[in-house]
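Just below is one structure, and these are the notes that go with it.
The values are calculated or read from the model by the stated rules, or taken from the named source; none is laboratory data. It should be emphasised that the depicted structure is a prediction, and the values quoted were computed from it without experimental measurement. Cβ placement follows ideal geometry from the backbone for every residue including glycine, while neighbour counts extend to all protein chains displayed.
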Amino acid sequence: MRIGAPREVAAGEARVSMTPASARDLAKLGHACLIEAGAGVAAGFTDAAYEDAGVTVVPDAATLWREAEIVTKVRPPMDAELGLLREGQTLISFFYPGQNAEALGRAKDA
């Protein structure tokens, strides 16, 4: 599987859903990992650290969402991100379904 982590777009969010260490663990299980350029910077991880871990750094969110079979996020997806979700793709994130029923419906219908 191709597992991707986009840059978190929520204001003030410094976390990233994939670290270089977790990407190495996923690679040991046979998965390929992708990360959006700059996604780990606020959490202290450079693009070079991801590349050293065998992660493919992609230039933008659209490329990541297009190429990943599984997308991981920390925060619930924003409307623009839900527009990038495609049929058959898996999204793993905190979602808070009680607070985001409309977004959950959009994700389910993708």
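LEU104 passes every criterion in (1) under 11 Å from the mean Cα position of the chain (by Cα); (2) part of a helix (DSSP H, G or I) apart from (1). In this entry, ARG15 is excluded by the filter for residues that are outside any loop (DSSP other than H, G, I, E, B) and modelled with pLDDT of 95 or more.
The helices (runs of 4 or more DSSP H) located wholly in the range 19-83 that include 2 or more residues which are free of Cβ contacts under 8 Å to residues at least 24 places away in the same chain and surrounded by 13 or more Cβ atoms within 10 Å (Cβ to Cβ) occupy 20-28, 47-52, 61-67. For the range 84-96, how many residues meet the condition of being part of a loop (DSSP other than H, G, I, E, B) and either β-branched (Val, Ile, Thr) or touching a Phe, Trp or Tyr at 6+ places or on another chain (Cβ under 6 Å) (or both)? Looking only at that region, the number is 1.
Selection over the range 1-11 of residues that are at pLDDT 95 or above and assigned to a loop (DSSP other than H, G, I, E, B) gives a count of 4. Report, by residue number, each residue of the range 47-83 that is within 10 Å of the chain's Cα centre (by Cα), closer than 15 Å to ARG2 by Cα and of a type outside the set (Lys, Arg). Once the filter is applied, which keeps residues that are within 10 Å of the chain's Cα centre (by Cα), closer than 15 Å to ARG2 by Cα and of a type outside the set (Lys, Arg), the range 47-83 yields ALA61, LEU64, TRP65, ALA68, ILE70, VAL71, THR72.
Return yes when ARG66 is among the basic types (Lys, Arg) and at pLDDT 95 or above and no when it is not. So ARG66 passes the test.
Out of ASP47, ASP79, I need the residue that is of a type in the set (Asp, Glu) and more than 25 Å from LYS108 (Cβ to Cβ). Which one? Full working, then the answer.
Values: ASP79 fails: more than 25 Å from LYS108 (Cβ to Cβ).
Step by step, each of ASP47, ASP79 is checked, and only ASP47 is of a type in the set (Asp, Glu) and more than 25 Å from LYS108 (Cβ to Cβ).
Surrounded by fewer than 18 Cβ atoms within 10 Å (Cβ to Cβ), of a type in the set (D, E, K, R) and closer than 25 Å to ALA101 by Cα: is that true of GLU8 in this structure? So GLU8 does not fit the description; no.
Quick one: in the range 84-99, which of the residues that are surrounded by fewer than 16 Cβ atoms within 10 Å (Cβ to Cβ) and either of a type in the set (Gly, Ala, Ser) or more than 16 Å from the chain's Cα centre (by Cα) (or both) is nearest to ARG2 (Cα to Cα)? Result: GLY88.
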